[in-house]
Each structure stands twice: as structure tokens, then as C-alpha cells.
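Inspection log for the structure reproduced underneath, given as C-alpha cells.
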Amino acid sequence: MKKETIIILASSRSNGDTSKVVNQLQQVVDCDVVDLNDYEISYYDYGHANKDDDFLPLMKRIISDYQNIIFATPVYWYTMSGILKVFFDRISDLLTIEKDLGRQLRGKGFGALSCCMNGSVDEEFWHPFKKTAGYLGMNYIGNIHVDSLENIDVLKDFGNKITTL
Ligand SMILES: Cc1cc2nc3c(=O)[nH]c(=O)nc-3n(C[C@H](O)[C@H](O)[C@H](O)COP(=O)(O)O)c2cc1C
């Protein structure tokens, strides 16, 4: 059966803390994962010279196959990872050269997961996620910060939010 939810893993290491948390979330939500380290996605380019890299094919697949998109990032310098920021910047392609694709994001679920062992995040951390979801017309499912691999119950609550949409 087709899965409803995809997690976009955006850490600088594929088997690090964020990946472990994502694996735990997969135990409570039936979902697929894409690791952005497996894709060549370059910085936003106003001239779209990079339109043949991996961003657009990946987005086309995600938009056609999934209803909910969860962005999973470690905390790097008080904010999302650079990998995820580049990915968000490239969403601008969906407002310019691929507008039809961008419109298809409307109504989809948008969630955010941050990870930092032994640290917390302020409410401001979530601001770009909430504003991005709003701008794209997506439904903000919510966000979760994980600072330990021992609090699976927190992930269960977050997973319930996704599955009861
Ligand atoms: C470049 C970099 C910046 C970081 N910045 C912060 C930070 O601002 N606040 C914090 O609490 N931890 C910070 N950390 C620690 C990571 O958030 C933490 O180790 C996290 O669990 C790593 O997840 P990962 O294995 O998926 O990269 C930083 C780590 C790196 C590598």
C-alpha cells in the first residue's frame, strides 16, 4: 500500500543522531525517508542553470506520491542545517519555472523535526518552517524537538498528529 508520509532527512551525516531519530519515528509512523545526501541539489540560481540537477525530479516524485512531508534537521548554529536551507531555497523554483508543481503543494501536510542531543531550541527556531508552510498553502502539522534517543513517547505523540490528519 502507498505510504502517505515522507520524511526528508537533511543532516550532514546519514547515520548520525537525526537519522537515528528518524528511524525511531518510522517505528510509530508508516512512512518513507529520503536522505538529501543521496542527491545533488545545488544552491538556488536566479537563472535556473541548475534546473537539471536532482531537485525537480525529487520534488515531482514527492509531490505525486505523498500527502505529508516531514523535514528532519539537526540544529546547526541555532537553526536548520545548511542542506535543508538549500532545499528550502530551491522551493523557489516551484514559484517560478515549475508553478504547476508548486500549486500541488497546497493542502499537503508539513511537519518539522529538529534534533540536537543535549540541547533545546527556542520557539523562534520554528518560525521559517511555519512561515514556509503558510506561504506554500500547506497545513502545518506541528514540530518536535528531540534531544535524546530515550524519549520515544514524544515521537509517538508527534506520529499521532501525522496519522490523525
Ligand atoms: C556545524 C554544527 C553546528 C552545530 N550547532 C549547534 C547549535 O547551535 N546548538 C546546539 O545545541 N548544538 C549544535 N550542534 C550539535 C548538533 O546539533 C548535535 O550534535 C546533533 O545531535 C547532530 O545531529 P547529526 O548527527 O544528525 O548531525 C552543532 C553541530 C554541528 C556539526
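Annotations
- Kirkwood hydrodynamic radius of the chain, Cα pairs, Å: 16.0 Å
- Among 57-69, 18-30, the order from most to least packed when residues are scored by Cβ within 10 Å on average: 18-30, 57-69
- Taking a ≥ b ≥ c as the square roots of the eigenvalues of the alpha-carbon gyration tensor, segment 75-165 is classed oblate because a/c is 1.5 or more while a/b is no larger than b/c.
- The packing ranking, built from the mean of other Cβ atoms within 10 Å per residue, places the peptides 149-157, 134-142, 108-116 in the order 108-116, 134-142, 149-157, highest first.
- Rounded to the nearest 10 degrees, the inclination of helix 152-163 to the longest alpha-carbon principal axis of the chain is 40 degrees.
- For the chain, averaging the sequence separation of C-alpha pairs within contact (under 8 Å, six or more residues apart) and dividing by the residue count gives a relative contact order of 26 percent.
- Amide H contacts for Cys115 (H built 1.01 Å from N in the peptide plane; partners 5 or more residues away or on another chain; cut-off under 5 Å): Thr73, Val75, Val146.
- Axis of helix 55-65 versus longest Cα principal axis of the chain: the two differ by about 60°, to the nearest ten degrees.
- Helix 127-136 axis, angle to the chain major axis (alpha carbon atoms, nearest 10°): 40 degrees
- In order along segment 24-38, the phi-based Karplus estimate (6.51 cos²θ - 1.76 cosθ + 1.60, θ = phi - 60°) of 3J(HN,Hα) comes to 5, 4, 5, 6, 10, 10, 6, 8, 9, 10, 10, 9, 5, 5, 7 Hz; Gly and Pro are listed as x.
- The modelled label-to-label distance for the pair Thr96/Ala49, using points 7 Å beyond Cα in the direction of Cβ, is 1.3 nm.
All of the numbers you see were taken from the coordinates with simple rules; none came from a lab. What you are looking at is a predicted structure, and each value in this text was computed from that prediction instead of being measured. Because the Cβ atoms are built from the backbone with ideal geometry, glycine has one as well, and the counts that use them run over all protein chains shown.
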